[in-house]
1. Please work out which residue is nearest to residue C:26 (Cα to Cα), limiting yourself to segment E:61-81 and to residues that are of a type in the set (S, T, N, Q) and modelled with pLDDT of 95 or more.
2. Which residue is nearest to residue F:87 (Cα to Cα), if the candidates are limited to segment E:97-130 and must be open to solvent by 30 Å² or more (accessible area, probe 1.4 Å) and at the interface with another protein chain (Cβ under 7 Å from one of its Cβ atoms)?
3. Does at least one position in segment B:62-79 carry a residue that is among the hydrophobic types (A, V, I, L, M, F, W, C) and either assigned to a strand (DSSP E or B) or within 13 Å of chain C (Cβ to nearest Cβ) (or both)?
4. Contact list please: Cβ distance under 7 Å, first residue in segment C:122-136 and of a type in the set (Val, Ile, Thr), second residue surrounded by 17 or more Cβ atoms within 10 Å (Cβ to Cβ) and not in a strand (DSSP E or B), pairs at least six apart or on different chains.
5. Within segment B:22-55, which residues are touching a residue at least 60 places away in the same chain (Cβ under 8 Å) and touching a strand residue (DSSP E or B) at 6+ places or on another chain (Cβ under 8 Å)?
6. With respect to residue A:36, is the statement that it is in a helix (DSSP H, G or I) and closer than 28 Å to residue A:139 by Cβ true?
7. Pick from segment D:1-30 the residues that are over 29 Å from residue A:38 (Cα atoms) and in contact with a Ser or Thr (Cβ under 9 Å, 6 or more places away or on another chain): which of them is modelled with the lowest pLDDT?
8. Take the conditions among the aliphatic types (A, V, I, L, M) and at pLDDT 95 or above and apply them to residue A:58. Does it pass?
Number of protein chains: 6
Amino acid sequence: MIPDALHIELGRRYHFAASHRLHSVKLTEEENRRIYGKCNNAYGHGHNYTVEVRLSGAVDPAIGMIANLADLDAFVNEQVIEPFDHHSLQDEVSTFREIVPTTENLCMEIFQRLKAFPHAKLESVRVVETSNNSFEYAGD
Amino acid sequence: MIPDALHIELGRRYHFAASHRLHSVKLTEEENRRIYGKCNNAYGHGHNYTVEVRLSGAVDPAIGMIANLADLDAFVNEQVIEPFDHHSLQDEVSTFREIVPTTENLCMEIFQRLKAFPHAKLESVRVVETSNNSFEYAGD
Amino acid sequence: MIPDALHIELGRRYHFAASHRLHSVKLTEEENRRIYGKCNNAYGHGHNYTVEVRLSGAVDPAIGMIANLADLDAFVNEQVIEPFDHHSLQDEVSTFREIVPTTENLCMEIFQRLKAFPHAKLESVRVVETSNNSFEYAGD
Amino acid sequence: MIPDALHIELGRRYHFAASHRLHSVKLTEEENRRIYGKCNNAYGHGHNYTVEVRLSGAVDPAIGMIANLADLDAFVNEQVIEPFDHHSLQDEVSTFREIVPTTENLCMEIFQRLKAFPHAKLESVRVVETSNNSFEYAGD
Amino acid sequence: MIPDALHIELGRRYHFAASHRLHSVKLTEEENRRIYGKCNNAYGHGHNYTVEVRLSGAVDPAIGMIANLADLDAFVNEQVIEPFDHHSLQDEVSTFREIVPTTENLCMEIFQRLKAFPHAKLESVRVVETSNNSFEYAGD
Amino acid sequence: MIPDALHIELGRRYHFAASHRLHSVKLTEEENRRIYGKCNNAYGHGHNYTVEVRLSGAVDPAIGMIANLADLDAFVNEQVIEPFDHHSLQDEVSTFREIVPTTENLCMEIFQRLKAFPHAKLESVRVVETSNNSFEYAGD
């Protein structure tokens, strides 16, 4: 027998492809090259990014769900996929004109954009940059 | 040097294939169609479900393990794989005659069935429904 | 230097979730149970199916592509995903009212439905039923 | 008992991250937008590319191998990974200044660069652009 | 409409874990070290091997299958999984007392052991040693 | 807008191949066989192990990173990959001469070796032994 209205977590994955270049205006040319290595190449490079969103909520006993995935998909598409997918992060996303588009910063930016989702609580955002590399942010 | 008897977590994956149809007796026909969309199709559909079980325990220093995997496998097979694999959730699992077999409810039902495992503490159950979609429940 | 107009193969994956029951009208009840085992359960079960389509063609030198993926996606969606996804194969796809919806037959049915794609030659269709199980058909 | 010197195929995967923009000088601005869609965005985007190389050869009975993987790795790194990884295909690889860096053309360019490997016969090159999309070229 | 009795290919994956050491009696100590590198370490190392078996056959129209997977599983378990899984290849499998247990030789040995399967034609055996490395043998 | 210096987690995967045999000097021969089953085979077996390291830290606003991955890779290679990769755990790693090289103990040993990383806080170590089996340790 399943108790009513339990707290449960939903994990959902989204995908986008983007280019970025790691170059900080707060560092000298030489520091940029030393710290970022080949990620500092002038013409940039790119990745297939995977975004794993985790949300929590109570399960509505009549419906058996914590949130409608169609609502979540529409929100993530508008906030993240449309502005980031097939774009250059530092050239076309305003946040990354000022700060370096490292995956750490990308992860926090996506968290800021998704935390207003009205139908469940955003628990964390994980951004997978390559099969061996990921970052996770759970707010402060 | 490894200290004795530390708390550690074991994660183990199990797989089953089942069919389900999302249809709540607490909703009208029109609400069922609107909320569940194609998941409300009258003849049902199905998935390859992956169940990721996490258990914690102290490591027995003589043996170096927190639980015997053969014991865990036998318990999960009896409680979950045998009754769910190659079955229809709403037609053949009694819990889902009364409540909707959403993956949220499936995840909580599996947690209830596994929490009595005698040799380690059940920490959480995650059910992966598709490569982009999962639910995790850690009890209340 | 890349030569013009070479023959190349495109592989593209599609996904659908469906239920099926293996039961042949050409076999007795006892034969059905013995041959299909738990796949013969009366209420059916289901899978997340992956379809890997391979097509070949010459690369148009002006465009650098053998086929427009948007055209291919529209064709596969109309012929396969819409009629199969979130449906019961034997109850809702007319071919499988007469023949058993084994993955072998499913693979051949998908090949028949896709071989008329006008912009490239269909080479093969592979259907992945579980992570350990797949079938591939390349026509006759 | 294993017979001597049999023909066998070796498959080996390499990974690189690069940016590209699909824009053909043989097409008008409007054709570029219509044919390439969001892949034509002015600032480019990027991918994690996987390259699957297949080579064949006889197995040297004394050594039991068809080629030394260290030799193959050195060759692929020099010919493909160094010039492509963390670079912009159309800005930094000379071939793609003249022809569009579609994955079809990328796949053929990699084949041309690898076919001179001296210790085994190159059978095919497959480039995986996203988890659902790949191209394979086996020469002409 | 699906035509009768078509040729189709079945792919099925099996898994085993084994240890091996690359050391050829036909080579000097120095050659063994130079050619095999760390794979020549005296105490051996190990892998999770995946074996992908491909078989072809006609589809029996009454049953819709080319072979019963239970028959295939029993045959592969007896011929390959039981003698190789959780064993040392060079110490416990007689073939590898005489020849080096490279993955090339392992792949050919598995092909020899499986080609007598009575219910379908063995087309090829692929052995995946690591996520980046595999060998495939299709007989001579 | 991204706030300065937030706590974020970095996850990074490393891979090594090793052999092990489960045999405890604190148990009788019969107990070793009963408890460890085929893992107690005298000649050992092996695995492709994946190590998932999680570290946390503040993001340096000038650089946008919590730690330089080159520093982390050098540390993990020296502490774990070099001594474990292509080696026999119980024969060549001193810790496992005294204690059983179960994956639980391996996971804790790796945590002990990595917790001194100077540039970020080690949160947890997860060791994946097979695709269905993993252990995670977060210290005490």
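1. So, considering only residues that are of a type in the set (S, T, N, Q) and modelled with pLDDT of 95 or more, the one nearest to residue C:26 (Cα to Cα) is E:77.
2. Applying the filter and picking the extreme gives E:130.
3. For segment B:62-79, residues among the hydrophobic types (A, V, I, L, M, F, W, C) and either assigned to a strand (DSSP E or B) or within 13 Å of chain C (Cβ to nearest Cβ) (or both): absent.
4. From residues that are of a type in the set (Val, Ile, Thr), the pairs are C:125/C:107; C:125/C:110; C:125/C:111; C:125/C:114; C:127/C:103; C:127/C:106; C:127/C:107; C:127/C:110.
5. Result: B:47, B:49, B:50, B:51, B:52, B:53, B:54, B:55.
6. Yes, satisfied.
7. Looking at residues that are over 29 Å from residue A:38 (Cα atoms) and in contact with a Ser or Thr (Cβ under 9 Å, 6 or more places away or on another chain), I get D:1.
8. Answer is no for this residue.
The values are calculated or read from the model by the stated rules, or taken from the named source; none is laboratory data. Predicted model, so just to flag it, every value in this text is computed and none were measured. So basically every Cβ, Gly included, is an ideal-geometry build from the backbone, and we count neighbours across all protein chains shown. Ligands, DNA and RNA are excluded from the accessible area calculation, which covers all protein heavy atoms including side chains. Shrake-Rupley method; radii C 1.70, N 1.55, O 1.52, S 1.80 Å.
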